[in-house]
Structures are given as structure tokens and as C-alpha cells.
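S.K.: Sharing a structure below in C-alpha cells format, with a few things to ask.
The values are calculated or read from the model by the stated rules, or taken from the named source; none is laboratory data. Remember, it's a predicted structure, so these values are computed and weren't measured experimentally. Counting neighbours? That spans all protein chains shown, and the Cβs are built from the backbone with ideal geometry, glycine included. Please note that ligands, DNA and RNA were not included when accessible areas were found on the heavy atoms of the full protein model with its side chains. Shrake-Rupley method; radii C 1.70, N 1.55, O 1.52, S 1.80 Å.
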Amino acid sequence: MCGIVAYIGKKAAQPVLIESLKRLEYRGYDSAGIALLKNGKIEIQKTKGRISDLEKIIRETDCSVHVGIGHTRWATHGAPNTVNAHPHTDFSGKFAVVHNGIIENYNTLKKWLQTEGINFTTETDTEVIAHLIGYIYSKGDCENAKCGDKQNKFEWAVQQAIGKLHGTFGLAILCADYPDMIIGAKKGSPLILGVGDNEYILASDAAAIVEHTTQAIYLSDNEMVTICEDGFHTKTTDNVVISKELEQIEFSLEAIELGGFKHHMLKEIFEHLARIPTETEYASEFRYRNPIIEDGTVVIAISQSGETLDTLAAIEEAKERGATVLGIVNVVGSAIARTTDAGIYLHAGPEIGVASTKAFTAQVAVLTM
Ligand code: GLU
């Protein structure tokens with residue numbers, strides 16, 4: 001797991017990215033980095049270690065830049081060191097990419113790009129995405145256009161590259177030729193667009209968004225968003241324009257703050273002792289959809305985040321075999337909540353501590369009921 005974030009708006013991007021990464025740090029904490037688009041150039045700062053280590057190498061706050069992306073890593077491919085930390089750039093230096101997920105066919109793509117003369121500098125699967133976009137962009141003849149037009153060359157190159165990827169990704173991408181634009185894309189990893197007042201924050205998790213806005217768009221698999229300072233549009237990754245519903249983020253900033261506790265796990269242990277919802281309260285929320293269970297098999301998928309990849313893969317398999325799938329999840333609107341036929345929300349509130357406490361207790365309570 002990793003956390004990605006992207007910001008475009010009237011605030012200085014650098015402090016927004018750093019604060020957002022702190023809220024996402026539970027998703028990965030072996031290395032961290034940010035990329036800012038400054039005077040038409042991409043500037044990267046990244047390091048091994050935690051967000052506090054990243055803060056140490058950023059000597060002064062840059063208030064002049066309003067567009068940037070950030071990452072906090074939990075490595076899957078390549079050692080947790082500074083070179084492998086995201087953002088990753090392409091050979092031309094025009095593109096910067098942050099990625100949450102795994103590219104299964106990165107080795108095949110890497111070998112092919114190497115035969116095209118591209119040198120790789122990291123051990124990650126993510127670097128292949130940056131080079132692939134850069135390579136396609138450098139060869140492409142798609143006309144340049146402005147944000148809001150049907151398609152621009154940046155979008156086109158991202159779509160072509162995504163079409164070659166096997167695996168999972170939540171992506172945020174910068175292009176130096178489009179200094180007021182960020183592209184996000186999703187398949188198998190969560191991605192939420194916070195829609196503020198002339199500002200947008202794209203992140204893996206609503207925890208990074210609530211400080212700025214509670215209005216959000218939850219991207220589904222194979223969808224992408226192109227964001228500018230004055231608007232955004234959503235499409236499928238094969239370029240069909242789609243309109244997405246604006247949803248309300250269900251929890252407040254207080255729910256994810258430490259509130260005097262030393263760390264989140266301690267806070268959450270105390271929260272789970274506070275109160276377990278009654279059977280009547282659960283019953284009134286029992287269905288988030290209304291399945292017709294005939295004589296087939298019922299499979300129950302249990303997850304705090306509602307994004308657990310192995311569980312999602314098992315749900316797909318169960319559905320293919322004709323099962324009715326019920327979900328017991330904590331995060332409202334998460335992938336498992338969306339793909340199961342019905343289920344129960346745990347109502348445990350945001351759980352940030354990596355070892356599950358209150359969500360586990362709520363799962364046991366729900367299963368007992
Ligand atoms: N595969 C990428 C890496 O190792 C992202 C890791 C993740 O999302 O867990 O850098």
C-alpha cells in the first residue's frame with residue numbers, strides 16, 4: 001500500500017502536499033517525496049524515511065507553486081531507499097508520476113523500452129509508467145488542446161500508456177508542457193477527487209481531503225480525471241466522457257486527529273470501548289442495496305478499508321461463480337461496498353492505526369448479531 005496525493009489550486013502546493021502526506025502516512029512510511037511544477041519545470045524532492053525526514057530536506061517553504069503531487073511509499077518493487085522513492089520521472093524529464101499499486105508486466109515493458117534506448121535508474125515497477133508515457137508522448141502526433149477540450153496530448157499519452165499496463169494503479173501525473181494540469185487514473189487502487197472552491201485535491205484516501213473540502217468524487221476502475229485550476233473533467237481510460245456524482249465525505253477532521261492521544265492505535269482502542277451500535281441501528285442500515293438471494297451460495301467479504309485487493313479478487317471470483325456476495329466493511333463508499341450485492345457498514349469511524357482494533361471489534365459484533 002502507498003498513499004498518493006495531488007493538489008492544484010490557490011494555496012501553495014508544497015505545504016498542502018506535506019500535510020496531506022502526513023494524513024496518508026499510515027498507508028506507507030518507508031520513503032516519501034513530492035514533485036512541483038515550477039516555471040515549466042518539474043522539481044522533485046524525495047527521501048528514504050518518513051514524512052518528517054522529507055520535511056528536513058525541504059529547507060524552505062515554496063509559496064510560489066500551486067501545482068504538485070506527493071507520495072508516501074510502502075515498497076513492493078525495489079528497496080525502500082531514496083532512488084526508489086516516488087515521484088518517478090521519464091527520460092525526458094517532462095513527466096512525473098506517483099503510483100499506488102503493482103504493475104504486473106513491468107519487466108516486459110521495461111525490456112522493450114530499454115531496446116528503444118531508454119535507461120532505467122530505479123528498481124521500481126512505477127518507473128516504467130513514467131517512461132512509457134514519455135515515450136508515447138514523444139512519438140505521438142495527437143494535437144495539443146486546452147483542458148476541457150475533448151482530448152489533449154497529455155491525456156492521450158496517458159491513455160495509450162495505461163492501455164499497455166497489466167496490474168493495479170492509482171496514479172497522479174504531472175507534465176511540464178501542461179503546467180496547470182494534473183491527470184489522475186485508477187484501476188484496483190483507491191482514488192478520490194476532493195472538489196473545493198477553485199481548488200482540487202486528489203488522494204488515495206478521504207483523510208487527506210477533509211481539511212480542504214467534504215465534497216468528493218469517487219473514481220471507479222478504468223476511470224481518469226483531468227484537473228485544472230478552473231475545473232476538471234472525468235473520462236474512462238479509453239476516452240469516453242463520463243459525469244460523476246459529487247458525494248459528501250462522511251467524517252470530520254476531528255475523527256482523524258489525535259485529540260491528545262500519543263498515537264492513533266491508542267486513540268482507537270479507547271474509541272472502540274466507547275460504544276458499539278445496537279442491533280436496531282445496524283438493522284436499519286443493513287442493506288446498502290437490496291439483493292435477491294435465490295438458492296445460490298452466499299459469500300461474506302470482511303474488510304476495514306473496503307479496498308483489500310485479495311478480498312476484491314475473491315469477490316470477483318465468487319460473483320463469476322454465481323454467488324451472492326455480502327460485505328462487512330468500515331469505509332463508506334469503498335470498493336468492496338460498491339461491488340458487493342449488499343452488506344453492513346461497521347460505523348467504527350476512520351481507523352488509521354495499522355493494527356486493527358475498533359474495526360475488528362465492530363466486525364465481531366456484526367458477525368455475532
Ligand atoms: N509498486 C510501487 C512501488 O513499489 C508502489 C507500491 C504500493 O503501492 O504499494 O514503489
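S.K.: So which residues in the stretch 62-79 are touching a strand residue (DSSP E or B) at 6+ places or on another chain (Cβ under 9 Å), open to solvent by 30 Å² or more (accessible area, probe 1.4 Å) and away from the ligand (no atom under 16 Å from the Cβ), if there are any at all?
M.R.: Matches in the stretch 62-79: Ser64, His66.
S.K.: So which residues in the stretch 113-130 are touching a residue at least 12 places away in the same chain (Cβ under 8 Å) and not β-branched (Val, Ile, Thr)?
M.R.: First, pick out the residues of the stretch 113-130 that are touching a residue at least 12 places away in the same chain (Cβ under 8 Å): 113, 116, 118-119, 121-130.
Selection gives Leu113, Glu116, Asn119, Glu123, Asp125, Glu127, Ala130.
S.K.: Identify all residues within the stretch 1-50 that are crowded, with 19+ Cβ neighbours inside 10 Å, among the aliphatic types (A, V, I, L, M) and away from the ligand (no atom under 16 Å from the Cβ); write none if there are none.
M.R.: Ile8, Ala13, Val16, Leu17, Ile18, Leu36, Leu37, Ile42
S.K.: Pairs needed: first member in the stretch 57-68, under 13 Å from Ala35 (Cβ atoms); second member anywhere, acidic (Asp, Glu) and surrounded by 11 or more Cβ atoms within 10 Å (Cβ to Cβ); C-beta distance under 7 Å; at least 6 residues apart or different chains.
M.R.: Listed by first residue and then by second, the contacts come to Val67/Asp180.
S.K.: What pairs come out if I take residues in the stretch 356-369 that are in contact (Cβ under 8 Å) with a residue 24 or more places away in the chain and pair them with residues that are among the hydroxyl-bearing types (Ser, Thr, Tyr) and surrounded by 18 or more Cβ atoms within 10 Å (Cβ to Cβ) whose C-beta lies under 7 Å away, six or more apart or interchain?
M.R.: From the stretch 356-369, the pairs are Val366/Tyr282; Met369/Tyr282.
S.K.: Out of the stretch 232-276, which residues are of a type outside the set (A, V, I, L, M, F, W, C) and within 24 Å of Lys187 (Cβ to Cβ)?
M.R.: So the first thing to find is which residues in the stretch 232-276 are of a type outside the set (A, V, I, L, M, F, W, C), and the list is 233-239, 243-245, 247-248, 250, 252, 254, 257, 259-260, 262-264, 267-268, 271-272, 275.
Selection gives His233, Thr234, Lys235, Thr236, Thr237, Asp238, Asn239, Ser243, Lys244, Glu245, Glu247.
S.K.: Considering only the stretch 288-298, I want to know if a residue exists there that is among the basic types (Lys, Arg), surrounded by fewer than 21 Cβ atoms within 10 Å (Cβ to Cβ) and modelled with pLDDT of 90 or more. Before you say what the answer is, go through the steps one by one.
M.R.: Keep residues of the stretch 288-298 that are among the basic types (Lys, Arg), which gives 289.
Now narrow it down to the ones that are surrounded by fewer than 21 Cβ atoms within 10 Å (Cβ to Cβ): 289.
Filter once more, keeping what is modelled with pLDDT of 90 or more: none.
No, the stretch 288-298 contains no residue that is among the basic types (Lys, Arg), surrounded by fewer than 21 Cβ atoms within 10 Å (Cβ to Cβ) and modelled with pLDDT of 90 or more.
S.K.: Take the stretch 80-92 and flag every residue that is within 21 Å of Ile182 (Cβ to Cβ) and within 11 Å of the ligand (Cβ to nearest atom).
M.R.: Hits for the stretch 80-92 are Ala85, His86, Pro87, His88.
S.K.: Please verify whether the stretch 132-151 includes one or more residues that are surrounded by fewer than 24 Cβ atoms within 10 Å (Cβ to Cβ) and within 19 Å of the chain's Cα centre (by Cα).
M.R.: no
Conditions (1) under 18 Å from the mean Cα position of the chain (by Cα); (2) modelled with pLDDT under 95; (3) in a helix (DSSP H, G or I), marked per residue:
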site: Ser20; (1), (2), (3): yes, no, yes
site: Leu24; (1), (2), (3): yes, yes, yes
site: Tyr29; (1), (2), (3): yes, yes, no
site: Ala32; (1), (2), (3): yes, no, no
site: Glu43; (1), (2), (3): no, no, no
site: Asp62; (1), (2), (3): no, yes, no
site: Asn81; (1), (2), (3): no, no, no
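S.K.: Please verify whether the stretch 53-60 includes one or more residues that are assigned to a helix (DSSP H, G or I) and open to solvent by less than 20 Å² (accessible area, probe 1.4 Å).
M.R.: Within the stretch 53-60, the subset assigned to a helix (DSSP H, G or I) is 53-57.
Okay, now just the ones that are also open to solvent by less than 20 Å² (accessible area, probe 1.4 Å), so 54.
The answer is yes, given that some residue of the stretch 53-60 is assigned to a helix (DSSP H, G or I) and open to solvent by less than 20 Å² (accessible area, probe 1.4 Å).
S.K.: Next question, about the same structure. Of the conditions (1) touching a strand residue (DSSP E or B) at 6+ places or on another chain (Cβ under 9 Å); (2) over 18 Å from Ala13 (Cα atoms); (3) not acidic (Asp, Glu); (4) not in a strand (DSSP E or B), Thr47 clears all except one; give me its number.
M.R.: Checking Thr47 against (1) touching a strand residue (DSSP E or B) at 6+ places or on another chain (Cβ under 9 Å); (2) over 18 Å from Ala13 (Cα atoms); (3) not acidic (Asp, Glu); (4) not in a strand (DSSP E or B), the one that fails is (4).
S.K.: I'd like the full set of residues that are open to solvent by 10 Å² or more (accessible area, probe 1.4 Å), in a helix (DSSP H, G or I) and within 24 Å of Ser252 (Cβ to Cβ), limited to the stretch 316-357.
M.R.: If the condition is that a residue be open to solvent by 10 Å² or more (accessible area, probe 1.4 Å), in a helix (DSSP H, G or I) and within 24 Å of Ser252 (Cβ to Cβ), then Ala335, Arg338 are the ones that fit.
S.K.: So the check is Cβ under 8 Å with 6+ separation or different chains; which pairs have a first residue in the stretch 175-201 that's without any contact (Cβ under 8 Å) to a residue 40 or more places away in the chain and a second one that's among the charged types (D, E, K, R) and surrounded by fewer than 21 Cβ atoms within 10 Å (Cβ to Cβ)?
M.R.: Lys186/Asp221; Lys186/Glu223
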